[in-house]
Amino acid sequence: MKRKTIKNQVKVSGIGLHKGKEVKMVLKPASQKNGIVFKRMDISDKDNIVKVNYKNLFDLERGTNVQNKDGVKIHTIEHFMSALSVCGITDILVEIEGNEMPILDGSSAQFVEKIKSAGILELEEEIEPLVITEPIIFSDEKSGKYVLALPYDGFKISYTIDFKHTFLKSEYFEIEVNLENYEKNIASCRTFAFDYEIEFLKKNNLALGGSLKNAIVIGKDGPLNDSGLRFENEFVRHKILDIIGDLYVLGTPIKAHIIAIKAGHFVNAKLTEMIAKKFGM
């Protein structure tokens, strides 16, 4: 398959979920082998280039974040990375004013729309997917969190969530990942939080931009959002959206069946690191 970038630049703006700041950014075409690169336009006294690489990940409890050697950061990239993955974009420059991606409606649907509106351009250079030929497993037995990559001629994800909650308990979903399936079943699924978490998050300077417009807030008896859910099992579908983005920190498509149980950004990153090291990245 060919490396790909976008044909035309396109603007995106909105509030950052955790920092609560207005963010403006421009997606720009990039040359092959550029990879996925952020340029902090609001910084001039430090290295303002932040490359997406598993070695640059940090603080993965509530999102996927990257930083450079000078500590210049980009927070909450997972939804954007998920959209890049399914659109096959391997090379792009993101000029951004701020340290966090805009959350938009809490899903990746608008990122996919922006990328498609910019057009997708094939580059000359080929890119080979990472083909998983033997099981790669990360487990945290104490918390019951597991994620593994199995050999598979394609890209499939099977995901199970399990919460001790009066409304949200266990959900399972499996999908063959391609753009058509993703747009139909995954892209519009929103991030979520429990109502009892909100005060703690805000006290820790997280979810400062969160609202019922960009997240599902789950109360004792169900979502507090007037519009309800977009799918009956929207929660596990969003977890699939996240793990696609987290795996794409590799910057390369993979051929594997990914099985995740109660995983999250930290656990996903551990699998990403194991895959990267397996392939000498």
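The values are calculated or read from the model by the stated rules, or taken from the named source; none is laboratory data. No experiment lies behind these values; they were computed from the predicted model shown. Every residue, glycine as well, gets a Cβ built from its backbone with ideal geometry; the counts of neighbours run over all protein chains shown.
Observations on the model:
- Residue match in region 158-173 (condition: among the polar types (S, T, N, Q) and at pLDDT 95 or above): yes
- Number of positions in region 253-277 that are farther than 15 Å from S82 by Cβ and either outside any helix (DSSP H, G or I) or without any contact (Cβ under 8 Å) to a residue 12 or more places away in the chain (or both): 7
- Qualifying residue in region 223-236 (condition: within 20 Å of H265 (Cα to Cα) and among the small types (G, A, S)): no
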